[in-house]
Structures are given as C-alpha cells and as structure tokens.
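K.L.:
For reference, the structure I am asking about is given below.
Coordinate-derived values only; no laboratory data. Keep in mind that what you see is a predicted model, and the values were worked out from it rather than measured.
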Amino acid sequence: MISLPSIIGNIWASSTIFSHVNHLADSIGPRITGSTGNTQAVSYLEDQFNNLELKVEKQLFDVDIWSYEEVSCNLGRQSIKAVPFGYSSPGEIEGSILPLINPNLKRLESYKFSDKIVVYLNTMGFMSAMGGRGLSREDLIAKSEEKGATAFIEVTNKPGGVIERRNLKTSSSIPSVAVSLEDGHFLLRNQKDVTLTVVGQKKTVSGENIIAKTKQSTEKKIILNAHYDTAPESPGAFDNATGVATLLELARVFSEFETLPFSLEFVGLGASKWHFSGAKKYIEKSLEQQPRLAMTFDNTAKPGGTRNGVLTNDMHLFGVTKKLVSDFGFDINLAPIPIFGTDATQFHKRNIPIFVINQWKSPTFMNTPYDTPEKLSADSLKNSTSIAGAILANIQNISRMDKTRKNKA
C-alpha cells in the first residue's frame, strides 16, 4: 500500500537527489543535441534506470539543428559579443542600424527597414510593448525581413553581461543574433555602421529519448518526463538537470513497490531545445493508448528559495493538488492553466491531462554559462519533487479523472 506521508518523507530524506544535478551540470556540463555531453547524459540516465531494474529502451530520431563556427559583430573597431539564435541563417552583413525600442504595433509599419540592421530592445514585455496583442520574436524577425531589413539583433533584457541562448521556433532567412544589455545600449548610443558575420550550417544529428517502464502493465498509465539537453555553453543545472533529478528520484521511490495500481513510464526527453523534437517523437511513436496523466518536470529547483510553480489543465487535478498543498504545507504557486513553451505543451495538444512543475519566472542565468548548481536550493528541489510524489501517491485522482472525462464525453 502506498502511504502518502512515507513517500514525502522518503523524498525529503534522500541524500542523492541533488547529486544528479551536480553530475549532469558539473561532471558532464553542456548537453547540446548531437554532442559528446548529450551522449554522456543519455548513458547516465540509462545507468540510473537500469540500476532500479526498470525496463529501459532507447528511442532514436533525426533532428535538424544549426551549428555555428564563427559569429562576430563589430561597430568600428569595437568588437561586440553576439550569440546566434538557433535556426538563424548565416550571412555577412554591413549597414546602418534601425533602433526598435519598445516598438508599438500600430507604429511598426511606419519604420523604414530597408537595408537596415534592426537592433531591438524590449523593456516592457511583448504584450505591453506591442499594444496588448503581442508579437513573438519570430514574428518581429519575419516583419523585419518582409520590410527589407538585412539582419536582426536583439538586446538581451538581462543585466550583467549575460546573453541567453535560445532557438527560434521557425527558421530565419536573415542573420539573427542576441547581444548583452550593456553592448546593446552601446550600439544604440553610437548608431554607426555595423558589420555582422554569422558562419554556420544546418545538419542532421541523432536525438535520443530514454524510456524506462515499471514491470507491471495496467490500463492506467502515467507518463513522467523531463528533458536533459541544454542550450550551447550552458551547464544546465536549472534548465534542466533539476527536472531530470526529480524524474530520477520519483523513479527510485516508486520502483521500490512490487505492485502499483498504474503503469509508470519515466522518459528522458532529448532535443527539447530544438522545437521539442523528443516530446513530439515520443507522442508519435509510443502513445498507443491515451495516458491518464503526463507529468512534466522543467526547472524544478528555484535559486535562493523553495517556492516553485505547478500548473495543470485539469480542474479536478487542480482541486486535489490545492488540497494537498494545504494539508502538507507545500510551498508552491498553483495555477489551473496549461503552460506553453515546454514539452508539456505537446501533451496538452493531445488533450492529455498535464501536471507541470516549472519556474514561472526564469532567472537571469538561464541558458547561459552561469547556470550552475551552487545557485540552486536543494530544499526547493525536494519540495517540488514531493508534491509530484504526493500526486502519484494519491491514487484516487486517477479514477476520478477517468469519471470526469467519461462524463464530458
């Protein structure tokens, strides 16, 4: 019989949960899809699952990524560090800049983009800056290209010289890069001709999902997942060694039971940074039947504190989680909404109930070389993992969710 207090106590007593974060971020480091670090992370997950005597299989798939050999940005003799967005086209561009500072959506049409290098700074957030409607980064790049701009430079809205490395959701046909907040202000102050060089190529590499299953097979299947890959140069402690640690800890705790009233699949997702390719491939190839629940762990330890975020698209699960938070004093934010921009979105699109642990506000070091374990709270990781364990231990959720779904049908 599964005892909810014993599950929570087991997790809080764990001496190994944060060691997964240390190993992935410190011993392995950056885990870019197709890299040696990525392969080492796959082997680590496979070893951990095998040690728990779970049934382990690999799922291979092709991923198109961009690899960049040279990136430079120069204003006169001043060299500025620039980081290309993944899926940015290469090119060598020279020209004058067009400053776009908190552009209003209505006024965007009046700007003269032709033959300009756009330097974009948004200090207000997309919804505010764009008149409440919102334009994504990809929309703004496409608009710049449509109007004749030759390149796109986004100023990172984070102080301290950091540049967050991100991939575009759609390919860009003009060179598109990010610079630090400080260098961006330098560009905007001087407004001289800029030379931007991006040398890179598109290539196909192998992505891998690691799937570990409990031995018993029932109709009630729950999927637990976390991506293990990182942005370039980032050790990825916060994003997402913490999520992997939660996944492995729950695998340890629940593999100790000889029988469970549900089947569990623990999935280490690859290539999340490349359009959530691992989650899409897993759903395409492995979901023969609709699962009862998909739990996604994405950034499950907060720096300097214990409060994290839990989101769900299922109102019954929201109510149950709210009661557990009250009964056991879990220190989390809770919201009855789906989350976008994570692997969980792919399950949500399939009308699968989702439960997501995610940091609502990203720290400044996310997707940078400064994403290291010492910035994170071990108690926050245990707190987040405990609430996920409590949901799994509270078995009646599954049958009630089934009844709710049948009534809706």
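K.L.:
Calculate the length of the line joining the C-alpha centroid of region 83-106 to that of region 132-168, in whole Å.
P.N.:
Centre-to-centre (Cα) distance: 6 Å.
K.L.:
Which whole-Hz couplings ³J(HN,Hα) result when phi for each residue of region 375-382 is put into the Karplus expression 6.51 cos²θ - 1.76 cosθ + 1.60, θ = phi - 60°, listed in order with x for Gly and Pro?
P.N.:
Karplus-based 3J(HN,Hα) across region 375-382 equals 7, 10, 9, 5, 5, 4, 5, 5 Hz.
K.L.:
Skipping prolines and chain starts, which residues have an amide H placed within reach, meaning under 5 Å, of the one on residue 101, given they are 5 or more residues away or on another chain?
P.N.:
Excluding prolines and chain starts, which carry no amide H, the hits are 121.
K.L.:
Same structure again: Using Cα centres only, tell me the gap between region 9-38 and region 296-325 in whole Å.
P.N.:
21 Å
K.L.:
Explain nothing, just compute: Karplus ³J(HN,Hα) = 6.51 cos²θ - 1.76 cosθ + 1.60, θ = phi - 60°, for every residue of region 208-215 in order, whole Hz, x for Gly and Pro.
P.N.:
Going residue by residue, I get 9, 9, 10, 10, 10, 10, 5, 6 Hz, with x marking Gly and Pro.
K.L.:
Compute the acute angle (0 to 90°) between the alpha-carbon long axis of helix 242-254 and the principal axis of greatest extent of the alpha-carbon atoms of the chain; round to the nearest 10°.
P.N.:
Around 10 degrees separate the two axes.
K.L.:
What do you get for the angle between helix 36-51 and the principal long axis of the chain? Use alpha-carbon atoms, 0 to 90 degrees, nearest ten.
P.N.:
That works out to roughly 10 degrees.
K.L.:
Could I ask something else about it? Rounded, prolate or oblate: which fits region 66-203 when a ≥ b ≥ c are the square roots of the eigenvalues of the alpha-carbon gyration tensor, with rounded for a/c under 1.5 and prolate only if a/b beats b/c?
P.N.:
rounded
K.L.:
Within region 66-203, what is the number of lysine pairs with alpha carbons under 12 Å apart, leaving out pairs fewer than eight places apart on the same chain? Before the final figure, lay out the partial values.
P.N.:
On the way: 112/143; 112/147; 116/147; 116/192.
For region 66-203, the number of qualifying lysine pairs is 4.
K.L.:
Separate question: Spelling out what I want: for every residue of region 221-233, take phi, set θ = phi - 60°, compute 6.51 cos²θ - 1.76 cosθ + 1.60 (Karplus), and round to whole Hz; glycine and proline get x.
P.N.:
So the Karplus estimates, Gly and Pro as x, are 10, 10, 9, 10, 9, 7, 8, 10, 7, 9, 6, x, 6 Hz.
K.L.:
(i) 1.08; (ii) 1.00; (iii) 0.97: which one is Rg/Rh (Cα atoms, Kirkwood Rh) as calculated from this entry?
P.N.:
(ii)
K.L.:
Now, a different point. If you restrict to DSSP beta bridges whose two residues both lie in region 66-203, what percentage is antiparallel, to the nearest 5? Don't jump to the answer; show the numbers that get you there.
P.N.:
Working: 19 of 34 bridges.
About 55 percent, rounded to the nearest 5.
K.L.:
For the chain, what does the helix formula give at 222 nm: sum of -39500 (n - 2.57) over DSSP H segments with n ≥ 4, over the residue count, nearest 500 deg cm²/dmol?
P.N.:
One gets -9000 deg cm²/dmol as the mean residue ellipticity at 222 nm.
K.L.:
Rounded to the nearest 5, what % of the DSSP beta bridges within the chain are antiparallel ones?
P.N.:
On the way: 38 of 73 bridges.
Approximately 50 percent, going by the DSSP bridge assignments.
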